[in-house]
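Trainee: The structure that follows is given in the form of structure tokens.
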Amino acid sequence: MERFQKLLEDPHKYAKEWKEKTGGKVMGYFCPYIPEELVYAAGALPVRVLSEPDADGISYRYLYATFCPKSRGVLAQGLNGTYSYLDGISHAQCCEGMSGAYSSWRLHIPHEHEWFVSMPSDLDNPWALTALRSEMSALKKDLEKWTGKTITEEALDHAIEVYNTSRSLMRQVYELRRAANPKVTGAEAFEMVLSSQIMDKEEHNKLLKDAISKLSGREKRDDNGVRLMMLGSDCDFGDATLTRLIESMGATIVIDRLCNGSNYFWNNVIPQEDRLLAITQRYWDKPRCAVKDETFRRRVVDVIGLAIDYNVQGVIYNVHRFCTPNHADRPPIIEALKKRFIHFHDLEHDGTFPMGDLQSRIETFIDVIRK
Amino acid sequence: MTVEYWKWPEEEGTSTGVDCKKASVITAGVDIGAVSTNAAIMSDGELAAYSIIRTEADSGASAQKAMDKALKAAGLEMGQVRSIISTGYGRANASFASKNKTEIPCHVRGAFYMYGPTIRTILDIGGQDTKAIKCDEYGDVKFFQMNDKCASGAGRQIETFADMVAVPIQDIGPLSLEVDEDPEPVSSTCVTYANSMALQLMRKEPRNRVLASYCFSIAWRDYILVNRLANLSGDGTVEKDLAITGGVAKNKGIVSRIERELGIEALPLKKGDPQIAGAVGAAILAAEMVA
């Protein structure tokens, strides 16, 4: 389990070594609506640009103060050269914060190639699937030109298989969390998901398989504390610090519906003759994130379903300041939680935590649930 | 010598009719906050003595100092205290405490004792944070909301303001009420904005109107927090009875404006001092621990 934690201690090491070893190109992506299978099939390595708190405030040169700490942290890392090993950057139309970070990165940070997916805003529109499918064709051509490699059907099949395996393995890990006394902690599970986003999935799958076999032999923990769910903005920045801290106070985070958590891997590509359509459908049919849930409000049903399924006692609504999609998404979900008598606590922050305040909040919240 | 208008007086007190020497169980609570450290001694469930001091850089030493003062006021030695619970942000640093507990349940228990068990909503306005708490008839926390990082609406804000306007902190509340009609509040977004607006007002408005505007702004921030609590935990109605605790509860200019905005009168204090609610609650929980 420590391997995943170690990978995140230096999240850039793997990609740099991979690049040196293979001579391949590394594509950084800002949003998980990027169809990674296409990048992988082109022989490039897709890595998620993880955020770190912008301690120096360097991002303020380009982004207004009303941008969320995550987008600010992403841009700051680009500006200070942390991601200088990236050959290309890519982004899919999502929230204003990350789109702002991407736009500034394009303008102010040298890069070889850039790539933007016009992800439809209204995914329930009958034309959304068609529009996204045509995006895929354009992206495929663009990637082939950039890498100089033809993306064959065999390469696409292989990429789909590798990514589907990763998703299925992560679902197995999350299945373990559903148990009465989960053998895996929320922090461990979260580190597995995060690390899968910064390395070659084929290699990561081997680590996951090994971890799952070890987990099945692990003794059940006696006291898991209260069962919590994490909702809102991306939970942690580049690691599982917040999750670990919460779990140290007498709780286990058994499920999440976060952009860098379960939302990242929840559904598979269902193979079909038209590979690009199969990939398109997978991204189109992902559990809705707060940005893309505008028409039918599917998230309320989705989140409450998960809370019931995982026997959740309380929800921590972790929202970054100025994360407008999650602030807009919150009221109907809170109402639904109230109706079902599921405890919840709002944790709004700017990416840094005054420890005393955080401990008082979480400890009290856990006490309230226990009573 | 520079006059420090922000410096509120440290104090200690005893309750009349409580004889620690005849008590079977003595417990104590110490609340180490960001601004003040308070200690309370309970003798068979009754408040015997307390102390309120300003928290110094070393929170452990502040806890010891507050405890020593309260013990001295009660005429006791540390060895006579059966159990001590520490609370507040510095709770982990009170080496003499048997246990530590977060301040939210302590404030509820303390308020139950000091204002009566009919309270269902507690607004604790501390030095650096504000908590709106909903409790049940047993004194258990049901729901709570806290302010965010900025001290806007909390005691530290008034300390900065006292120095800026050169008015002793204890006089701000009473003077702010000496206006015919409340002016518009200054910004409640953050302490810096509020002070900056107050500075501009001071050039054109009489002092008492500036104080009124400032107290209104703090009250408004706290009013919003209580409303948020009511909305998130129920149908939006603030559940009565209401108690206001914490050092800022001593500022009548703020309390009366909160009451006016909420349309609810807060319960009057029956015992002790509003600033020691956390310490009293900790001492009560310490007594429950030994029972």
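The values are calculated or read from the model by the stated rules, or taken from the named source; none is laboratory data. The shown structure was predicted, so the numbers you read here are calculated from the model rather than taken from an experiment. Note that we place each Cβ from the backbone using ideal geometry, even for glycine, and neighbour counts take in every protein chain shown. Accessible surface areas use protein heavy atoms only, side chains included; no ligands, DNA or RNA. Shrake-Rupley method; radii C 1.70, N 1.55, O 1.52, S 1.80 Å.
Trainee: Checking the condition away from chain A (no Cβ under 14 Å), surrounded by 24 or more Cβ atoms within 10 Å (Cβ to Cβ) and either touching a Leu at 6+ places or on another chain (Cβ under 7 Å) or in a loop (DSSP other than H, G, I, E, B) (or both), which residue from B:110, B:153 passes?
Mentor: On the way: B:110 fails: either touching a Leu at 6+ places or on another chain (Cβ under 7 Å) or in a loop (DSSP other than H, G, I, E, B) (or both).
None of the others qualify; the one that does is B:153.
Trainee: For residue B:189, which of the numbered conditions (1) touching a Phe, Trp or Tyr at 6+ places or on another chain (Cβ under 9 Å); (2) part of a loop (DSSP other than H, G, I, E, B); (3) open to solvent by 80 Å² or more (accessible area, probe 1.4 Å) fails to hold?
Mentor: Evaluating residue B:189 over (1) touching a Phe, Trp or Tyr at 6+ places or on another chain (Cβ under 9 Å); (2) part of a loop (DSSP other than H, G, I, E, B); (3) open to solvent by 80 Å² or more (accessible area, probe 1.4 Å) leaves (1) as the failure.
Trainee: I'd like to know if region B:222-229 contains one or more residues that are under 29 Å from residue A:344 (Cβ atoms), modelled with pLDDT of 95 or more and among the polar types (S, T, N, Q).
Mentor: So far as region B:222-229 goes, yes, one or more of its residues are under 29 Å from residue A:344 (Cβ atoms), modelled with pLDDT of 95 or more and among the polar types (S, T, N, Q).
Trainee: Keeping to region A:47-69, report how many residues are of a type outside the set (A, V, I, L, M), closer than 19 Å to residue A:196 by Cβ and crowded, with 24+ Cβ neighbours inside 10 Å.
Mentor: Selection size over region A:47-69: 1.
Trainee: Out of region A:229-261, which residues are more than 15 Å from the chain's Cα centre (by Cα), outside any strand (DSSP E or B) and buried (at least 22 other Cβ atoms within 10 Å of the Cβ)? Spell out how you get there, then give the answer.
Mentor: Of the residues in region A:229-261, the ones more than 15 Å from the chain's Cα centre (by Cα) are A:229, A:241-242, A:244-254.
Still in the running and outside any strand (DSSP E or B): A:241-242, A:244-250.
Passing the criteria: A:242, A:246.
Trainee: Mind listing whichever residues of region B:156-168 are open to solvent by less than 40 Å² (accessible area, probe 1.4 Å) and β-branched (Val, Ile, Thr)? Spell out how you get there, then give the answer.
Mentor: Within region B:156-168, the subset open to solvent by less than 40 Å² (accessible area, probe 1.4 Å) is B:157-159, B:161-162, B:165, B:167.
Scanning region B:156-168 gives B:158, B:165, B:167.
Yes or no, residue by residue, for (1) among the acidic types (Asp, Glu); (2) more than 25 Å from residue A:347 (Cα to Cα); (3) within 18 Å of the chain's Cα centre (by Cα):
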site	(1), (2), (3)
B:72	no, yes, no
B:78	no, yes, no
B:91	no, no, yes
B:101	no, no, yes
B:106	no, no, yes
B:115	no, yes, yes
B:128	no, no, yes
B:131	no, no, yes
B:136	yes, no, no
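Trainee: Looking at B:200, B:157, B:145 in this structure, which one is without any contact (Cβ under 8 Å) to a residue 24 or more places away in the chain and either under 19 Å from the mean Cα position of the chain (by Cα) or more than 28 Å from residue B:236 (Cβ to Cβ) (or both)? Steps first, answer last, please.
Mentor: On the way: B:157 fails: without any contact (Cβ under 8 Å) to a residue 24 or more places away in the chain; B:145 fails: without any contact (Cβ under 8 Å) to a residue 24 or more places away in the chain.
Only one candidate passes the filter, namely B:200.
Trainee: Also, I was wondering about something else. Identify all residues within region B:128-150 that are among the acidic types (Asp, Glu) and facing another protein chain (nearest Cβ under 10 Å); write none if there are none. Lay out the reasoning, then the answer.
Mentor: Filtering region B:128-150 for residues among the acidic types (Asp, Glu) gives B:129, B:136-137, B:140, B:148.
B:129, B:136, B:140, B:148 - these are the residues of region B:128-150 that are among the acidic types (Asp, Glu) and facing another protein chain (nearest Cβ under 10 Å).
Trainee: Within region A:281-316, work out how many residues are within 14 Å of chain B (Cβ to nearest Cβ) and more than 25 Å from residue B:233 (Cβ to Cβ).
Mentor: Count: 0.
Trainee: Filter region A:60-87 for residues that are over 24 Å from residue A:20 (Cα atoms) and without any contact (Cβ under 8 Å) to a residue 40 or more places away in the chain and give the result.
Mentor: A:60, A:61, A:64, A:65, A:71, A:75, A:76, listed by residue number.
Trainee: Could you list, in sequence order, the residues of region A:317-371 that are closer than 30 Å to residue A:179 by Cβ, surrounded by 20 or more Cβ atoms within 10 Å (Cβ to Cβ), out of contact with any helix residue (DSSP H, G or I) (no Cβ under 7 Å at 6 or more places or on another chain) and more than 11 Å from every other protein chain (Cβ to nearest Cβ)?
Mentor: A:318, A:326
Trainee: Quick check on this structure: which one of B:123, B:177 is under 29 Å from residue B:5 (Cβ atoms), surrounded by fewer than 20 Cβ atoms within 10 Å (Cβ to Cβ) and modelled with pLDDT of 95 or more? Spell out the reasoning first.
Mentor: Numbers: B:123 fails: surrounded by fewer than 20 Cβ atoms within 10 Å (Cβ to Cβ).
None of the others qualify; the one that does is B:177.
Trainee: Would you say residue B:196 is surrounded by fewer than 23 Cβ atoms within 10 Å (Cβ to Cβ), out of contact with any Pro (no Cβ under 9 Å at 6 or more places or on another chain), among the hydroxyl-bearing types (Ser, Thr, Tyr) and closer than 18 Å to residue B:173 by Cβ?
Mentor: Values: surrounded by fewer than 23 Cβ atoms within 10 Å (Cβ to Cβ): yes; out of contact with any Pro (no Cβ under 9 Å at 6 or more places or on another chain): yes; among the hydroxyl-bearing types (Ser, Thr, Tyr): yes; closer than 18 Å to residue B:173 by Cβ: no.
The answer is no for residue B:196.
Trainee: Also, quick follow-up: Pick from A:252, A:241: which is free of Cβ contacts under 8 Å to residues at least 12 places away in the same chain and of a type in the set (Val, Ile, Thr)?
Mentor: On the way: A:252 fails: free of Cβ contacts under 8 Å to residues at least 12 places away in the same chain.
Matching residue, one of A:252, A:241: A:241.
Trainee: Return the only residue of B:223, B:214, B:138 being in contact with a Leu (Cβ under 9 Å, 6 or more places away or on another chain), hydroxyl-bearing (Ser, Thr, Tyr) and either assigned to a loop (DSSP other than H, G, I, E, B) or under 25 Å from residue A:330 (Cβ atoms) (or both).
Mentor: Values: B:214 fails: either assigned to a loop (DSSP other than H, G, I, E, B) or under 25 Å from residue A:330 (Cβ atoms) (or both); B:138 fails: in contact with a Leu (Cβ under 9 Å, 6 or more places away or on another chain).
Result of the check over B:223, B:214, B:138: B:223.
Trainee: Ok, one more. Condition first: aromatic (Phe, Trp, Tyr) and without any contact (Cβ under 8 Å) to a residue 40 or more places away in the chain. Now tell me which residues in region A:296-341 satisfy that. Don't jump to the end; show me each part of the working.
Mentor: Of all residues in region A:296-341, those aromatic (Phe, Trp, Tyr) come to A:296, A:310, A:317, A:322, A:341.
Correct list: A:341 only.
Trainee: Let me ask something else. Just for region A:177-228: of the residues that are farther than 24 Å from residue A:161 by Cβ and of a type in the set (A, V, I, L, M, F, W, C), which one is most open to solvent (accessible area, probe 1.4 Å)?
Mentor: Going through the qualifying residues, I end up with A:180.
Trainee: Continuing with the same structure: Give the number of residues within region A:195-228 that are outside any loop (DSSP other than H, G, I, E, B) and touching a residue at least 12 places away in the same chain (Cβ under 8 Å).
Mentor: Here the count works out to 17.
Trainee: Taking helices (runs of 4 or more DSSP H) that do not extend beyond region A:51-156, which have at least 2 residues that are farther than 22 Å from residue A:39 by Cα and in contact with a Leu (Cβ under 9 Å, 6 or more places away or on another chain)?
Mentor: Details: elements: A:69-79, A:96-108, A:128-147.
Ranges flagged: A:69-79, A:96-108.
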